[in-house]
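To keep things clear, I will list the structure first and then write my remarks on it.
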Amino acid sequence: MPAQIYSPFESSNFSNHTCFLTGQTLDSEEERVQVFPQWLMSRYQLENQPFKLLDESMATYKDLKLPCSATVNENYLEPLENEIAEAFNKGYEAVRHVDELKLFQWAGKLLYGVIFNEVQSGIRQQYAKGEEFNISQSIIHKFAHLHLMLQSLNLPIVLEDFKPFSLFLFKVDNTENEFGYRDEINTLTFSLRINDFGLIICMQDNGANQHYHREIANKIKNEVLHPIQFKEFSGRVFYSAYLFNRLPEYNILPVDDQIYIEAMPLRGMSSKPLFDHWVNKIYGQVLESFWKNWGYVLLEVIKDPENPMSFLFDADGKFITDIKLPR
């Protein structure tokens, strides 16, 4: 029998009795895995740290879990987790040799886990009000396709000459044992800064953001970034992910025992550019948020509206190597 794709968003199935990845019924609600893996929480002492959900309620990192069958965990998640943990603990040189698809799967499972908990929280909140849980169709579209791509973990899925994501990896001069995590679930954008590296992934853009930022990324890819420089580039990517105005579509073609996924052209029938117009004032607000550890405010960031403040490049466009700021 051909492999079957599981589509939880079609049935709105976010029960703790159902495996998040396969849809199979679980024996008990104890069959769950941590969203943030135990090795990561232990290393950075995250278990009891607060994690704010979109409805402003507070959880802890260890509270965030996913229903997952023991078989799926043992056969698919744990081997991936072990490989990623080993690379992340070694640092940048090891991480850059990890298959990008595996980095995407690892980060995608984590981000999907956050989404799953957000959805469960929303359902509980609306149920308490006697209302039906509603979520926009465009958001469902994105979440469902992220989940589809995650099933490359456990199903014989072949991505036909494309990758569904943009991935940026840099060496960063981080403070020892610093944990820097950020996500934006509406745009499915993920950032992690630990050890001696920083990782940014746009989960659902078919590589569009990678192309959009190719010039800057190529200029800095061999540099060691100060954390404020990494956050500056992260701000650029998070903002462009917001400007990205397409919802990728895919053809799914089961052939024998494999499932081929083909990306439809992003341009489609529209002559509109893939990204909306870049507005420096809004970008400045993003930078203000990303740079809050250093105390920069919007008026400083966009003092020159045509040339927002930058720690990546000087006025001549050269990479800045000497930054006298705390890390």
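The protection proxy used here, the mean number of other Cβ atoms lying within 10 Å of each residue, ranks peptides 131-139, 119-127, 248-256 as follows, highest first: 119-127, 248-256, 131-139.
Annotation: VAL286 carries an accessible surface of approximately 30 Å², with a 1.4 Å probe and no ligand, DNA or RNA atoms counted.
Measure up LYS62/LYS231; LYS102/LYS318; LYS65/LYS231; LYS62/LYS303; LYS52/LYS219; LYS65/LYS129 against 32 Å on the Cα-Cα distance and list the ones that go over. As for pairs spanning more than 32 Å Cα to Cα, those are LYS102/LYS318; LYS62/LYS303; LYS52/LYS219.
Think of the chain as having a plus end and a minus end, set by charges on the Cβ of Lys, Arg, Asp and Glu; of ILE282, PHE104, SER271, ILE282 sits farthest toward the positive end of this dipole. When peptides 228-235, 204-211 are sorted by average Cβ neighbour count within 10 Å, with the highest value leading, the order is 228-235, 204-211.
Might you tell me the accessible area per residue for the range 1-130, computed with a 1.4 Å probe and given in Å²?
Counting only protein heavy atoms, the per-residue value for the range 1-130 is 51 Å².
In the full protein context, the range 173-327 carries 53 Å² of accessible surface per residue, based on a 1.4 Å probe and ignoring ligands, DNA and RNA. Ellipsoid semi-axes for the range 1-129, based on the Cα gyration tensor and the rule √(5λ), read 25, 21, 13 Å when sorted largest first.
How would you classify the range 242-304 from its alpha-carbon gyration tensor, with a ≥ b ≥ c the square roots of the eigenvalues: rounded for a/c under 1.5, else prolate if a/b is greater than b/c, otherwise oblate? Here the range 242-304 falls in the oblate category. Tell me, what % of the accessible area of the chain is carbon and sulfur with a 1.4 angstrom probe? Ligands and nucleic acids excluded, carbon and sulfur reach 47 percent. With the highest mean first, a sort of the peptides 212-221, 314-323 on other beta-carbon atoms found within 10 angstrom per residue produces 212-221, 314-323.
What the Cβ-Cβ distance of ARG96 and PHE133 gives, at R0 = 56 Å and to the nearest 0.05, is a FRET efficiency of 0.85.
Between ILE123 and THR71, 0.36 nm times their residue separation minus their Cα-Cα distance comes to what?
Residue separation times 0.36 nm, minus the Cα-Cα distance, leaves 15.9 nm.
The values are calculated or read from the model by the stated rules, or taken from the named source; none is laboratory data. Keep in mind that this is a model prediction, so the values were computed, not measured. Virtual Cβ from ideal backbone geometry, glycine too; neighbours counted across all protein chains shown. Please note that ligands, DNA and RNA were not included when accessible areas were found on the heavy atoms of the full protein model with its side chains. Shrake-Rupley method; radii C 1.70, N 1.55, O 1.52, S 1.80 Å.
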